Amino acid sequence: MTPFRERNKTVIGGVGILAIVALLAGSFSIDTVVGGEEYKAEFTEAAGLAPNDEVRIAGVKVGKVLSVDLAGDRVQVGFRVKDAEMGNRTRADIRIKTVLGRKFLSLSPDGDGTFEPGSVIPLNRTSSPFDITNAFGDLSTTVEEIDSQRLAESFTVLADTFRDTPDDVRASLEGLSRLSRAIAARDEQLSALLDRTQGVSQVLAERDQDLTAFLADSSLVLQELQRRREAISRLLDTTTQLSEQLVALVRENRAELQPALERLRGVVQVLRKNQDNLDASLVRLAPFVRVFSDNLGNGRWFDTLVQNLTPPGGHFVEGEFGKDGSSRPTGGSAPVGGTP
């Protein structure tokens, strides 16, 4: 048998890549691999239900929606359910999952018999929810089609007709007339408000997943704060104790600290009075430090030029003086000894 190390590495790599791809594909389609029973349900409208939405029984997820198709004058929804017993009078309802319009399919098992796989739940055992997003859209469209001026005139005529009726009726109709005139005066603003409300509802519906993720993250933050509550409480207690100890320390040592602070204040005042002199000293110290550094920058010798060491007409002697007091002449007519 050929050892594993001596086999063709290209073949081994290709087989490994295929195995990894197969594992990834299986992980993404695990729900189809695991299986479950498929059923169908008929609805008068889809109400925003979409494939991959959840299927729940008593609030517990038991499957998902497979398809939402038009079948004549009704909508047929295909779904898969796993590990759930379905009676022969099972009911299906489309429910609202979030306030932004996400839906799920809710099943209510009922009946003594068995609901066979592939069976269809009829219309008389299904229901669809009221969609507020569509309601706002229909409301804005309806308001745009209303002739507010004619409506106001109609209410005014109605109020004039019933003017001689009892006071209660006449007051009610006059109130309706004023209301109609107010609505007519604000017609354009109301239309703009409804249009913007429809736009906001649509944006929120489109951002449903983002908002859901945001709420989930906020829940995680609150849970983490809950877990760290004891640590935060201990930190606050320790900080309180520290502040109390500092206050007590200052109170107990006030007699000793007061003279020290007064002396420090006097030193600061003296330094402030002599600030100009200090600045001038620092400025004048710079050339001295520079020259002194040049004298000591070549090693263990002082580089110095001694002038007027000989009578006029003689020679200048330039020497290097050691830091230990010795000398080494570098020019002139005579060596220079001694210390610098």
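The values are calculated or read from the model by the stated rules, or taken from the named source; none is laboratory data. In this text the structure is predicted, and so the values were computed from the model without any measurement. Here Cβ is always computed from backbone atoms with ideal geometry, including for glycine, and neighbour counts include all displayed protein chains.
Things worth noting here:
- Subset of region 76-128 [without any contact (Cβ under 8 Å) to a residue 40 or more places away in the chain, assigned to a strand (DSSP E or B) and farther than 20 Å from Glu45 by Cβ]: Gly87, Thr114
- In region 232-239 there is no residue that is within 30 Å of Val200 (Cα to Cα) and of a type in the set (Ser, Thr, Tyr).
Yes/no per residue for (1) modelled with pLDDT of 80 or more; (2) touching a helix residue (DSSP H, G or I) at 6+ places or on another chain (Cβ under 9 Å):
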{"position": "Leu100", "(1), (2)": "no, yes"}
{"position": "Pro109", "(1), (2)": "yes, no"}
{"position": "Phe130", "(1), (2)": "no, no"}
{"position": "Thr133", "(1), (2)": "no, yes"}
{"position": "Leu139", "(1), (2)": "no, yes"}
{"position": "Glu144", "(1), (2)": "no, yes"}
{"position": "Ser148", "(1), (2)": "no, yes"}
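- Boolean, Gln226 is surrounded by 10 or more Cβ atoms within 10 Å (Cβ to Cβ), modelled with pLDDT of 70 or more, of a type in the set (S, T, N, Q) and assigned to a helix (DSSP H, G or I): no
- The set of residues in region 49-97 that are touching a helix residue (DSSP H, G or I) at 6+ places or on another chain (Cβ under 8 Å), over 15 Å from Ile121 (Cα atoms) and surrounded by 17 or more Cβ atoms within 10 Å (Cβ to Cβ) contains only Lys64.
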